[in-house]
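Below is one structure, written out as structure tokens, with a few remarks after it.
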Amino acid sequence: MPKFEHHIFVCTNERDKGASRPSCAASGSEKLKPAFKDAIKEAGLKGKVRANELGCLDQCEHGPMVVVYPDAVWYGFVHVKDVEEIVNEHLVHGRPVERLRLADTCLNTERCPHKPGQKER
């Protein structure tokens, strides 16, 4: 079997409702993997692109989170309505969807406008 050209990782981490940070599952991420699988198949990319679900990507305030490798493009606030655009634009045409792309300044940082009590500077 040839290696996959891209892997799509969908965070499906779930926390208790009273947790100090949100979780992607609470924002509907469980619907994303099946939607990606359908869109991948429809785009003729089955066998070239693999959709996977995983636990926490530690970007909880940006969920639902999706990351595409090997491109290392992180998408935040992704919903089912965005899946076809990500597959067609990013995976078929090689153009990341900028409106969903998480800014590098928000990745693995203490300060981000999406975190509680912080505003954009």
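For region 31-73, the set of residues classified as without any contact (Cβ under 8 Å) to a residue 40 or more places away in the chain and either among the small types (Gly, Ala, Ser) or closer than 18 Å to LEU100 by Cα (or both) consists of LYS33, GLY44, ALA72, VAL73, listed by residue number. Screening VAL97 with (1) in contact with a Phe, Trp or Tyr (Cβ under 8 Å, 6 or more places away or on another chain); (2) modelled with pLDDT under 95; (3) of a type outside the set (Gly, Ala, Ser); (4) part of a loop (DSSP other than H, G, I, E, B) gives one miss only, at (2).
Against the condition surrounded by 16 or more Cβ atoms within 10 Å (Cβ to Cβ) and not aromatic (Phe, Trp, Tyr), how does GLU14 come out, does it pass? Judged against the criteria, GLU14 is not a match. Checking each residue in region 17-36 for being crowded, with 18+ Cβ neighbours inside 10 Å and at pLDDT 90 or above picks out LEU32, LYS33, ALA35, PHE36.
Report, ordered by the first and then the second residue, all pairs with beta carbons closer than 9 Å, sequence separation of six or more or different chains, a first member in region 95-108 that is buried (at least 16 other Cβ atoms within 10 Å of the Cβ), and a second member that is in a loop (DSSP other than H, G, I, E, B) and of a type in the set (A, V, I, L, M, F, W, C). Sorted first by the residue in region 95-108, then by its partner, the pairs are LEU100/PHE77; LEU100/VAL78; LEU102/MET65; LEU102/PHE77; CYS106/CYS112. Within region 13-33, the residues that satisfy the criterion of being within 13 Å of the chain's Cα centre (by Cα) and either part of a helix (DSSP H, G or I) or of a type in the set (Lys, Arg) (or both) are ALA25, SER27, SER29, GLU30, LYS31, LEU32, LYS33. If you check ASN88 against the conditions, is it over 15 Å from SER27 (Cβ atoms), at pLDDT 80 or above and under 11 Å from the mean Cα position of the chain (by Cα)? Answer is no for this residue. Only one of the numbered conditions (1) of a type outside the set (S, T, N, Q); (2) in a helix (DSSP H, G or I); (3) within 21 Å of GLU89 (Cα to Cα); (4) modelled with pLDDT under 95 is violated by ALA39, and that is (4). Scanning region 1-11 for residues that are in contact with a Lys or Arg (Cβ under 9 Å, 6 or more places away or on another chain) and part of a strand (DSSP E or B), which turns out surrounded by the fewest Cβ atoms within 10 Å (Cβ to Cβ)? This residue is HIS7. Just one of (1) surrounded by 14 or more Cβ atoms within 10 Å (Cβ to Cβ); (2) part of a loop (DSSP other than H, G, I, E, B) fails for GLU61. It is (2).
The values are calculated or read from the model by the stated rules, or taken from the named source; none is laboratory data. Just so it is clear, the model here is predicted, and its values are computed rather than measured. Note: ideal-geometry Cβ built from the backbone for every residue, glycine included; neighbour counts use all protein chains shown.
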